1. Keeping to region 155-177, report how many residues are assigned to a loop (DSSP other than H, G, I, E, B), of a type outside the set (D, E, K, R) and either closer than 17 Å to ALA198 by Cβ or modelled with pLDDT of 95 or more (or both).
2. Kindly evaluate GLY81 against the criterion of being at pLDDT 90 or above, of a type in the set (Gly, Ala, Ser) and under 16 Å from THR130 (Cα atoms).
3. Report, by residue number, each residue of region 178-205 that is among the small types (Gly, Ala, Ser), within 16 Å of THR127 (Cα to Cα) and in a loop (DSSP other than H, G, I, E, B).
4. If we keep just the residues of region 122-142 that are in a helix (DSSP H, G or I) and modelled with pLDDT of 95 or more, which is nearest to VAL195 (Cα to Cα)?
5. Looking at LEU68, LEU152, LEU145, LEU92, which one is outside any loop (DSSP other than H, G, I, E, B), in contact with a Lys or Arg (Cβ under 7 Å, 6 or more places away or on another chain) and buried (at least 16 other Cβ atoms within 10 Å of the Cβ)?
6. Could you list all residues from region 30-65 that are more than 14 Å from the chain's Cα centre (by Cα), in a loop (DSSP other than H, G, I, E, B) and over 17 Å from ASP150 (Cβ atoms)?
7. With respect to THR127, determine if the residue is under 23 Å from ILE184 (Cβ atoms) and hydroxyl-bearing (Ser, Thr, Tyr).
8. Of all residues in region 95-119, count the ones that are outside any strand (DSSP E or B), within 18 Å of the chain's Cα centre (by Cα) and in contact (Cβ under 8 Å) with a residue 12 or more places away in the chain.
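The values are calculated or read from the model by the stated rules, or taken from the named source; none is laboratory data. A quick note: this is a predicted structure, and the numbers were derived from the prediction, not measured. Neighbour counts run over all protein chains shown; Cβ positions are idealised from the backbone, glycine included.
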Amino acid sequence: MRRGRDSHVVTPTEVRDEWAERSGEFSPAYYAHHGPNATSELVRETLDERVGSAASVLELGCSSGRHLAHLLANGYDDLHGIEVNEDAREVLAETYPDLGDEGSFHFEAVEEWIEGVETDRYDALYTVETLQHLHPDSEWVFAELVRITDSLLVTVEHDPEGSESEVLRINDEFPLYHRDWSRIFTDLGLDEVAVKPAGRDTLRAFSPPDA
């Protein structure tokens, strides 16, 4: 995976279209082929520690559902996902049919979906390398994630090295926005309750002060 400085200012629509139309590397079929991984297990361990398997769980940017499939295999059955790439619908149904039958999924942009979700709808919400690609004009979504999460919000995202405002391009294609995830979600009123290394990323868990 090559990283380079961004030389083109992209629009929110361009970012969403890149992922909505993605095929090949980093597409739903790509992640289905690789299946659950160490991050899947780290997310499960964190959910086990903080909310338990009876929790309603949402994955933002679920792609083909490999992390959710790992949760289903480990006793979680109130599972939900949102994914902008419509191809994920068919890939998920073919690769993880039990998850397709048991889970609830939305295939649309998070910006178009989230404002209609009721407050505290999910006990837990997590993202894996998804928020780091959200366009700056869509950063209002962060507050909405806090609003719809009752007990636990987990991010597995790239931690910035150097300037938080720096934008990188991955393989000369899509942008990766450096952000201070700890500051963002504590500024929105959550307490950071866990920090764990996750390969090239960092898992951070946040909870409301009264959770």
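1. Narrowing region 155-177 to residues assigned to a loop (DSSP other than H, G, I, E, B): 158-166, 171-173.
Filter again for of a type outside the set (D, E, K, R), leaving 158, 160, 162-163, 165, 171.
Going one step further and asking which of them are either closer than 17 Å to ALA198 by Cβ or modelled with pLDDT of 95 or more (or both), we end up with 158, 160.
Here the count works out to 2.
2. Numbers: at pLDDT 90 or above: yes; of a type in the set (Gly, Ala, Ser): yes; under 16 Å from THR130 (Cα atoms): yes.
For GLY81, the condition - at pLDDT 90 or above, of a type in the set (Gly, Ala, Ser) and under 16 Å from THR130 (Cα atoms) - is met.
3. Hit for region 178-205 is GLY199, nothing else.
4. To start, the set of residues in region 122-142 that are in a helix (DSSP H, G or I) comprises 131-133, 136-138, 141-142.
Filter again for modelled with pLDDT of 95 or more, leaving 141-142.
Values: VAL141: 22, PHE142: 19 Å.
For region 122-142, the residue satisfying everything is PHE142.
5. Values: LEU68 fails: in contact with a Lys or Arg (Cβ under 7 Å, 6 or more places away or on another chain); LEU145 fails: in contact with a Lys or Arg (Cβ under 7 Å, 6 or more places away or on another chain); LEU92 fails: in contact with a Lys or Arg (Cβ under 7 Å, 6 or more places away or on another chain).
Answer to the selection: LEU152.
6. Scanning region 30-65 gives GLY35, PRO36, ASN37.
7. Yes, satisfied.
8. 11
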